Each structure stands twice: as C-alpha cells, then as structure tokens.
Amino acid sequence: YSIVGGARRIQRVIRGWLGRQRAKNQRRDRFRQLNMVFFHHCSAVIQKFFRGWSSRRNLHDYYGRKQYLETIGKRGAWTTDYLRREHEQKLEEAKHSEEQSMRNEFDTLAGELHHLVSTKTIAGVYNPPYNDALPHAFEKP
C-alpha cells in the first residue's frame, strides 16, 4: 500500500499543481483580454479625435473655405459687373444702330420726296398754310 499511496499522493500533488497552473494561465489570459479590450477602446477614441482634428485641419478647413467663398463672391460680383457693362454697351449699340437706320430711312424718303418740298414761289404739299416755320426732322427741312 505504501507504493500505491505514494503514487496517489504524487498524482494528487501534480494534479493540484497543474490545476493551479491552468487557473493562473486562465487568469493571465483573462487579464490580457480585458487589457486588450480597454486598449483597443482607448486607441479607437484617440483615432476618432485625431481623425476629427485632421479633417477639420485639412479637409474641412474653416478658414480655407471662408477664403474660397470670399473669392467666389468677388468673382461673382466681377462677373455681374462685367455682364451689366456689356449689356449696357449692347443696348447703346442697338440704340445707335436703330437711330442710324432711322436717319438712313429718312434720308432715302426725303430724297425720293424732294419734289414735294416748296420752292420760293409755290408752296409745297408738306408746308402748312398757317405756319411760317417749315417743319423739319433731324435738322433737315
């Protein structure tokens, strides 16, 4: 019995020691797992803050966007002024060309109707009998 009892005692001690080692390893693994969860959470928070800072600094730059909008506003005002000036110039040209065409038309009409204008001795068709001044248009009688 002493050999069998000794063997049992050795097995019991070894099983206890192995159980304690297994429990210690499980505690260490659990502690490492909890630390990894905590550190992953911390790294995610740090990355979130860094990404926000980086995007505000580079991608969504407040001052850069403000300057861009001011530049766009100035460009729009310049374009509006340019288009207004060009429109006024074209209106002036259209008015001038219309006036010129009216003068040309009047000159051709006056040239064709020269025989109806009065002479010194006989009053013409266009001369009113009760008015001393002759009617005229474009500084021409």
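Before moving on, here are some points about what is shown:
- Rounded, prolate or oblate (a/c below 1.5 giving rounded, otherwise prolate when a/b exceeds b/c) for the stretch 1-60 by Cα gyration tensor: prolate
- Local net charge near residue 59, Cβ-Cβ under 11 Å (Lys/Arg +1, Asp/Glu -1): +3
- Charged neighbours of residue 38, selected by a Cβ distance under 14 Å, balance to +2 (K, R count +1; D, E count -1).
None of the figures in this text is laboratory data; all of them are computed from the coordinates on show. Since this is a predicted model, take the numbers as computed values, not measurements. Note that each Cβ is placed from the backbone with ideal geometry, even for glycine, and that neighbours are counted across all protein chains shown.
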